[in-house]
1. Pulled fully out, how much extra length does the chain show between Arg269 and Arg153, if you take 0.36 nm times their separation in residues and subtract their Cα-Cα distance?
2. What relative contact order, as a whole-number percentage, does the chain give when Cα pairs under 8 Å and 6 or more residues apart are counted?
3. Mind jotting down the distance between the C-alpha centroids of segment 69-84 and segment 118-183, whole Å?
4. If you add up the charges near Gly68, with Lys and Arg at +1 and Asp and Glu at -1, over every other residue whose beta carbon is less than 10 angstrom from its beta carbon, what do you get?
5. Please say if segment 8-66 is rounded, prolate or oblate, where rounded means a/c under 1.5 for a ≥ b ≥ c the square roots of the C-alpha gyration tensor eigenvalues, and otherwise the choice is prolate for a/b larger than b/c and oblate otherwise?
6. Compute the relative contact order of segment 8-66 as a whole-number percentage, counting only Cα pairs closer than 8 Å that sit 6 or more residues apart in sequence.
7. Can you work out the Karplus-derived ³J(HN,Hα) for every residue in segment 243-257? Use 6.51 cos²θ - 1.76 cosθ + 1.60 with θ = phi - 60°, whole Hz, and x for glycine or proline.
8. Would you mind ranking Cys116, Cys289 by Cβ crowding within 10 Å, fewest neighbours first?
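Nothing in this text is a laboratory measurement; each read-out follows from the coordinates by a stated rule. Since the model is a prediction, treat every value here as computed from it, not as a measurement. Because the Cβ atoms are built from the backbone with ideal geometry, glycine has one as well, and the counts that use them run over all protein chains shown.
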Amino acid sequence: MCSALARINLLALNADEVKGFLTRFGEPAFRANQLLDWIWRKNAATFAEMSNLPLALRRQLAEVAVIGTMKLLRAQESKDGTIKLLFALQDGHTVETVILPYEIGDSVCLSTQVGCKMGCAFCASGMPGFIRNLAQEEIMEQVLAARRIEQARGRRLKNMVLMGSGEPLDNWDEVLAFLEAVNDSQRLGMSLRHVTLSTAGLVPKILELAQKKLPLNLAISLHAADNDLRSRLLPVNKKYPLKELVAACDQYTALTGRRVTYEYILLDRINDRPEDARRLAELLRGKLCHVNLIPLNPVAELPYRPSPPERVKTFAAFLGEAGLNVTVRRRLGSDIAAACGQLRNLFCGDPNEG
Ligand code: SF4
């Protein structure tokens, strides 16, 4: 028997590659379609459940292949239906995935890297520093696991956001391969309109993404509308300041026709003052965009606190009156390890250990 490490992960293969892989078993071509159907449509986690494949083939497959390599270490469900999952990767590192229940359809928040290089001041995911990129199949496995959990509780996954640990545009090749697998009718077969990619603002990659003209939703972690404050909160701003970032987003809108979402986490007395709202309205005036205000899920190790609800309201009202399209995100999962990265840090003890 092959060791788990030497087995082929079928989530890493496209349909043609699965067909090529199956030829070694001397099976007719339609078996590949059956196998793909089990993995991608019927959400099978094991070969044993693939009831229309001959038993001998199922056994052979179990010896040489796997459907994913990650192990679910922990699932925590909040009173509001949010589920946070902690996965162990094959090399022992861990990543988080969060299922978020919304009336318009549930969403899954995916990690794209173990740790992160960006060092955003308010983020638990970035605390351990960067460890490694996730492969496209590791990003996809989070989706499939979430889909199974949703199925089991009678709900359906509708959207996905690349907003968990990691900067997706810093893992360019694997994230693009993942998007291809999402959109591939023989794999996940989901429109990219249901996918939101969130970036701290890697301008050259935003411009490269714009050239691809994908029907993807782009979200920018903005969180401040002046360079000094933004550079303190998101060090990437020192390299790509606001003017360049917003110009890149304008270019994204011009080439794709899609509106950009600006995410703004409201931090008590840091970026929630009237002058902050004024600067934000000024920065985004007249743009095809949406502002998503996010009440902070506080992280014990970090000094930031959420803005009080009345200030959130005033901030949102000011932006609305200035003509911006603005929403306040509902705070989910605050009774379980709240912000992205916290679950991983809690269960892993020392965040530096990974
Ligand atoms: S907010 Fe996102 S980009 Fe910033 S450190 Fe955290 S994971 Fe990285």
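1. Answer, rounded to one decimal: 37.7 nm.
2. Normalised by residue count, the contact order of the chain is 15 percent.
3. Between the Cα centres of segment 118-183 and segment 69-84 lies a distance of 14 Å.
4. -2
5. Working: a/c = 1.22, a/b = 1.04, b/c = 1.18.
Judged from the Cα gyration tensor, segment 8-66 comes out rounded (a/c under 1.5).
6. Averaging sequence separation for qualifying contacts and normalising by length gives 38 percent for segment 8-66.
7. 4, 5, 5, 5, 5, 5, 5, 4, 5, 4, 5, 4, 7, 9, x
8. Going from least to most buried by this count: Cys289, Cys116.
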